[in-house]
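Only the coordinates and a few stated rules stand behind these numbers; no lab work does. A quick note: this is a predicted structure, and the numbers were derived from the prediction, not measured. Here the Cβ is made from the backbone with ideal geometry for all residues, glycine too, and neighbour counts use every protein chain on show.
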Amino acid sequence: MVHQTDTVTPMRDQEPAPLGAERRLSTKEAAELLGVKPETVYAYVSRGQLSSRRVSGGRGSTFDAREVEALARRNRRESAGGSGSGAELSVRTRITLIENDRYFFRGVDAVDLATRHTYEEVAEWLWTGRMLPGRTFTAPAASVAVARRAVEALPEHAAPTDRLRVATIAAATTDPLRFDLSEEAVLGTARTLIPTLVDALPPAGHHRRDEGPLAHRLWSRLSVRKDPDEASLRALDAALALLADHDLAASTLAVRVAASARAHPYAAVSAGLGVIEGPLHGAASGLAHRLLWDVLEQGDAAPVIAGELRAGRRLPGLGHRLYPGEDPRARALFALLEQIPSAEPALLAARDIVETTARHAPLHANVDLALAVLTASCGMDPTAGETIFAVARTAGWIAHALEEYGERPLRMRPSGLYTGPKPPQPLPE
């Protein structure tokens with residue numbers, strides 16, 4: 001996921017730097033060198049691909065010319081399909097397409113799918129290309145029992161991904177057929193693993209639901225509210241479906257690497273869970289939740305944002321490298337949240353965050369901020385968004401693992417571009 005690191009605005013062209021000094025570029029110059037719009041330069045800063053420096057006494061920012069030139073070279077290599085060294089990786093896939101601020105699951109608009117079908121139905125579509133109305137997933141009692149005992153043995157402060165990884169490994173030990181990588185066997189694993197992960201989680205309050213649609217069961221693990229309204233449940237279910245896949249995100253690439261080595265589905269999912277924990281990926285919604293909560297407590301986004309930037313922290317929930325415009329997942333989830341009366345304060349706080357940062361950086365809200373509104377307004381812990389993200393994305397991981405099992409084994413093996421000392425070097429003394 002993408003986060004804001006600096007509020008930057010276009011500035012006038014700079015005077016030439018003194019001889020021997022570090023060469024700095026204005027936002028306009030950096031954009032021209034990269035062949036992108038100024039807004040995209042802001043997105044590169046948000047992703048940590050570029051660093052920026054405030055202009056003394058001014059409102060603009062400048063960029064290290066060497067960093068910009070190096071990024072431009074990388075972008076050109078990606079556009080050309082790589083240099084042939086294996087350093088750049090392109091993967092054929094029939095699962096998800098992202099273009100023109102929209103994304104599609106097997107050619108069908110993913111937002112339409114997520115807002116008209118349940119998470120389980122969308123998962124089946126990702127896996128098989130067939131729509132099965134009314135599809136529900138059931139977890140084997142033995143698998144849930146082992147996974148639940150493993151999760152309960154963890155310290156109380158264990159993170160969501162810790163619990164999910166342990167539950168995945170525990171469930172694998174109960175499945176003697178996990179090494180069967182045929183399509184039917186992997187589909188069977190997928191239909192039982194996802195509900196096992198949900199059912200293994202401890203309840204958020206004094207209630208735990210172990211039957212019915214997946215979103216209903218997950219709700220009892222995330223929210224202290226026992227009886228959710230239909231609009232809240234629908235928003236949670238849609239969030240799961242919207243997040244089911246997003247092309248080759250870092251965690252998905254890890255899953256495909258594992259599947260390329262013919263790791264079984266449980267191991268492939270575990271690889272994805274290991275990557276998703278990063279603050280630039282699945283954990284980003286928790287950071288957005290805390291930011292949103294600070295704004296709700298203070299009643300104004302301006303001092304909160306100023307404090308975050310002064311401390312050198314990134315602003316989560318804003319911008320996305322794949323969407324120059326609006327994140328379609330955020331737009332769809334916000335529309336559903338507007339139907340929940342209790343979500344109004346959090347929605348207003350999110351709007352305040354976006355409008356405050358938009359004074360200098362034209363970035364839209366991304367799905368992390370929308371998830372933060374969902375979790376903050378539905379009685380959920382700040383880490384709930386990470387759980388939603390991980391459970392949701394498991395469907396996409398299985399789809400990519402299935403696709404990778406049909407490819408040549410070990411094809412996900414790029415060649416290293418060695419930049420160390422030229423051999424032969426003498427033995428160290």
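Take the alpha-carbon centre of the stretch 309-365, take the same for the stretch 211-262, and report the distance between them in whole Å. The stretch 309-365 and the stretch 211-262 have Cα centres separated by 20 Å.
With q set to 0.15 Å⁻¹, the log10 of I(q)/I(0) for the stretch 91-410, from the Debye formula over equal scatterers at the Cα positions, is -1.21. For the stretch 244-335, the residue among 315, 304, 251 whose Cα projects farthest onto the positive side of the dipole built from Cβ charges is 251. For residue 28, a cut-off of 26 angstrom between C-alpha atoms picks up these lysines, skipping any fewer than 8 places away in its own chain: 37. The calculated FRET efficiency for residue 136 paired with residue 407, based on their beta-carbon distance and R0 = 35 Å, is about 0.70. What you get for the chain, charging only the Cβ of Lys and Arg (+1) and of Asp and Glu (-1), is a dipole of about 920 debye around the Cα centre.
Using r as the Cβ-Cβ distance of residue 233 and residue 33, and R0 as 45 Å, what FRET efficiency do you calculate, to the nearest 0.05? Step by step, r from the Cβ atoms, then E = 0.40.
Summing +1 for each Lys or Arg and -1 for each Asp or Glu among the other residues whose beta-carbon sits under 12 angstrom from that of residue 358 gives -1. Using a cutoff of 8 angstrom between alpha carbon atoms and counting only pairs six or more residues apart, the relative contact order for the chain works out to 22 percent. A simple spin-label model places the labels of residue 74 and residue 183 3.7 nm from each other, with each point 7 Å out along Cα-to-Cβ. Per-residue ellipticity at 222 nm computed for the chain from its helices equals -16000 deg cm²/dmol, with DSSP H segments shorter than 4 residues left out and the rest contributing -39,500 (n - 2.57).
Computed extension gain for residue 92 through residue 149, at 0.36 nm per residue and net of the alpha carbon distance, reaches 16.6 nm.
Evaluated with a Cβ-only charge set (Lys, Arg +1; Asp, Glu -1), the stretch 326-408 carries a dipole of roughly 80 debye about its Cα centre, given to the nearest 20.
Computed packing ranks the peptides 210-222, 26-38 as 210-222, 26-38, most packed first, by mean other Cβ atoms within 10 Å.
As a calculated quantity, the FRET efficiency between residue 109 and residue 351 at R0 = 22 Å, using C-beta atoms, amounts to about 0.30.
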